[in-house]
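Structure first, then comments.
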Amino acid sequence: MNEPTYHNEYVTEQLTLFIERLNRQIAENHRQVAVDNARKRRLHQQSPALGAVGKLMGGPWALEPETDTEYAAHINRLQQHLMDDPITRRYSNYLNSPNGRHPNVEWWHAVGHQQLATVSVGNATDIQRMTLAESQQHGRDGTIPLVWDPRLFQHGGGPLEASYTEWSAEWMGRMQRAQTYLWRQDTLEAACYAPLPEHIIQPNMLPFPDLFFSFEMAAWVGEDDRLLREEKSGNLISAQIETWWLQVSRMGDAGAALLVSRQAWPRRQSGALATVGVEYLLFEPLPWGAKWPDDFKGRMNFEEIGYVLRMLAFMQAPFVDATQSRRQLPRPMRREYEREKRPVPDKQCSIIVLRRALHEPTYPTTDAEGSTREYKHSWWVSGHYRWQYYPSEKTHRLVAIAPYIKQAGKPLLRQLWDVKQ
């Protein structure tokens, strides 16, 4: 096995263990697939009809892909299946409607978004040795650049013992089985901008093995002047970058992994209307045992990682409703499935909302542990995150704390806010 990482100032002990453990999982999976396929081939020799059905229909008797050619064929079949799905078609038509704004407001928007994103992941390609500006041509032929932080992994093939075709097939499967969440813009803002304390990345941060987050509006909008080139002059131009979806998945005993879609569009003031935008995927390891923020300082996507850690804690707070529930499609869409003689999907999805207004006061029954000070006034405590120990579980959890009034019942202390542009 090749050395998984290069030793530099950004590579931590936890990150090295993450790659080693993940490569071990990949090797074990390859061995198990080879054993299972050998058993299936013996069955197919005894019953050619069983082999023909498996090849035609898939299912438990079909051979698992082992080569890049087989992975590519699997990806193409899944992409075709997803693009033929009525939800995907409806959502694609919605995005292409001429009104100019396409927020994700219905639960089925998130499901259609998830399926289109799965198709995009099937088109992922390695551009480790390229800049994003140089990858614009790749975006025109339907491929999606996949970016590892080059300061962590300084070679073109990436650190994993798997090809990018196998990687794409694996993540398409993860995205298909992921729990679906739609984040309203106000809830997302409430989750992302409170301070984040020091804490340890551990498995209890994930309520499910795979989660797909679809955003109502473009999230984490920023600007960068290194991503796009003007087509005629070749000069670098200013680009607006934004995020519409992300996936976070548990990677066995290695940790979790974050896959974020980023889109870069030429800003209007650049005058480069002939320049196309580019979508790219960012892959970030979140090793178990890594410490925030020390083990993530210097990461290319440091801010995005922090946002996701906040969101995972926020959605498990008692004042947030993130319950997964089965939802029924609108009647016209159900009829479309019936006309095409397809089973109507019974999909679980959560629209993340606050159970009460964000600034509705709550009243803790006691003050901070060990506090005996007396105060003449009450005051607001802002919403924040806490690294809290649970004696019954003998573990810590990152928890979201709602805004509340301290020393309730006493005169409220007036606060002066310095509001700046």
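Read-outs throughout are calculated quantities, based only on the coordinates presented, and are distinct from any laboratory measurement. This structure is a prediction, so every number in the text was calculated from the model and none was measured. Backbone-built Cβ (ideal geometry, glycine too); neighbour counts: all protein chains shown.
The figures follow:
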| quantity | calculated |
| --- | --- |
| Sequence ranges 194-201, 240-247, ranked by mean other-Cβ count within 10 angstrom, highest first | 240-247, 194-201 |
| Segment His396-Gln328, length gained on full extension (0.36 nm per residue, minus Cα span) | 20.7 nm |
| Listed peptides 312-320, 43-51 by packing density, highest first (mean Cβ within 10 Å) | 312-320, 43-51 |
| Extension reserve of the Glu279-Met300 stretch, reckoned as 0.36 nm per residue once the Cα distance is removed | 5.9 nm |
| Alpha carbon centroid spacing (whole Å) that separates region 281-348 from region 52-101 | 21 Å |
| Sorted by Cβ neighbour density within 10 Å, fewest at the top, the residues Asp85, Asp346, Asp224 | Asp346, Asp224, Asp85 |
| Of the GluC sites (Glu not before Pro) in region 66-107, those whose Cβ has at most 13 other Cβ within 10 Å and which sit in DSSP loop | Glu66 |
| Proximal charge balance of Phe215 [Cβ under 15 Å; K/R count +1, D/E count -1] | -3 |
| Neighbour net charge for Thr187 - beta-carbon separation under 10 angstrom, K R +1, D E -1 | -3 |
| Burial ranking of peptide ranges 298-304, 347-353 (average Cβ count within 10 Å, highest at the top) | 347-353, 298-304 |
| Summed side-chain charge close to Gln348 - residues other than Gln348 whose Cβ falls under 9 Å, Lys, Arg +1, Asp, Glu -1 | +2 |
| Kirkwood-type radius of region 13-354, with distances r between different C-alpha atoms, in Å | 21.7 Å |
| FRET efficiency, 1/(1 + (r/R0)^6) with R0 22 Å, evaluated for Tyr193 and Ser238 via beta carbons | 0.35 |
